[in-house]
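Asks: Got a structure for you, written out below as structure tokens; questions coming shortly.
The values are calculated or read from the model by the stated rules, or taken from the named source; none is laboratory data. Remember, predicted model here, so these are calculated numbers, not experimental data. Don't worry about glycine lacking a Cβ; one is built from the backbone with ideal geometry, like all the others, and counts go over all protein chains shown.
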Amino acid sequence: MRLIGRGSLAGALVIVAVALVYLLALPYAARVASTPAPPLVITLGDDATVTAGPEWSQAPSELGVTTLTQAGATLQIVTPHDSEGGVVETIEALTESALEEAPAGSVATAPRTFETDAGDAAATVVVQKPLETVQTWVISNGELDVIAVLTAPTSAWAPVSTSAQSLLRTVTLGGAS
């Protein structure tokens with residue numbers, strides 16, 4: 001109080017200003033800083049979308065392929081195409097092809113089926129290679145299929161796979177569901 005002066009109008013205004021900063025400005029700044037970034041909705045083509053959280057970054061993509069990255073892993077999502085069979089049959093064919101091209105000692109899991117948030121059928125398989133892990137998903141609404149492939153160093157695969165699984169559950173396909 002001695003620095004500002006007793007009974008001084010200027011001193012009272014300084015005290016009120018400091019109080020307002022603590023009561024209004026700092027809580028507002030904290031709210032703004034702690035608000036998470038909105039999810040990124042990515043159009044895959046043919047009215048299909050996927051919603052990516054802030055942990056994923058969109059990388060330069062090729063025509064017909066959307067590429068996302070996280071922690072040294074790459075997730076490539078192919079533009080929807082006409083469905084040629086069930087998700088299990090499609091994932092088994094992709095797995096067989098991947099194992100033919102994989103180095104010796106590579107193994108694959110059995111297909112695991114699930115439904116997306118939109119109710120579309122989906123299946124996934126993991127192929128463990130000596131230096132990397134590759135997980136493939138097929139998502140289908142009966143008319144269109146979306147294929148996604150996650151390639152990650154074995155050491156980073158588990159958390160990235162969980163994140164990719166959550167991301168791919170958000171795929172919505174145009175047409176029938």
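Asks: Specify which of the listed residues (Ile4, Ile42) is modelled with pLDDT of 80 or more, out of contact with any Lys or Arg (no Cβ under 8 Å at 6 or more places or on another chain) and not small (Gly, Ala, Ser).
Replies: Details: Ile4 fails: modelled with pLDDT of 80 or more.
Exactly one of Ile4, Ile42 is modelled with pLDDT of 80 or more, out of contact with any Lys or Arg (no Cβ under 8 Å at 6 or more places or on another chain) and not small (Gly, Ala, Ser), namely Ile42.
Asks: In segment 38-73, how many residues are aliphatic (A, V, I, L, M) and exposed (fewer than 15 other Cβ atoms within 10 Å of the Cβ)?
Replies: Result for segment 38-73: 6.
Asks: Limited to segment 39-58, what total is found for residues that are in contact with a Pro (Cβ under 9 Å, 6 or more places away or on another chain) and either more than 21 Å from Asp82 (Cβ to Cβ) or assigned to a strand (DSSP E or B) (or both)?
Replies: Residues meeting the conditions: 9.
To keep it simple, each residue is scored yes or no on (1) polar (S, T, N, Q); (2) in contact (Cβ under 8 Å) with a residue 24 or more places away in the chain.
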position: Ala52; (1), (2): no, yes
position: Val65; (1), (2): no, no
position: Thr74; (1), (2): yes, yes
position: Val88; (1), (2): no, yes
position: Leu99; (1), (2): no, yes
position: Gly119; (1), (2): no, yes
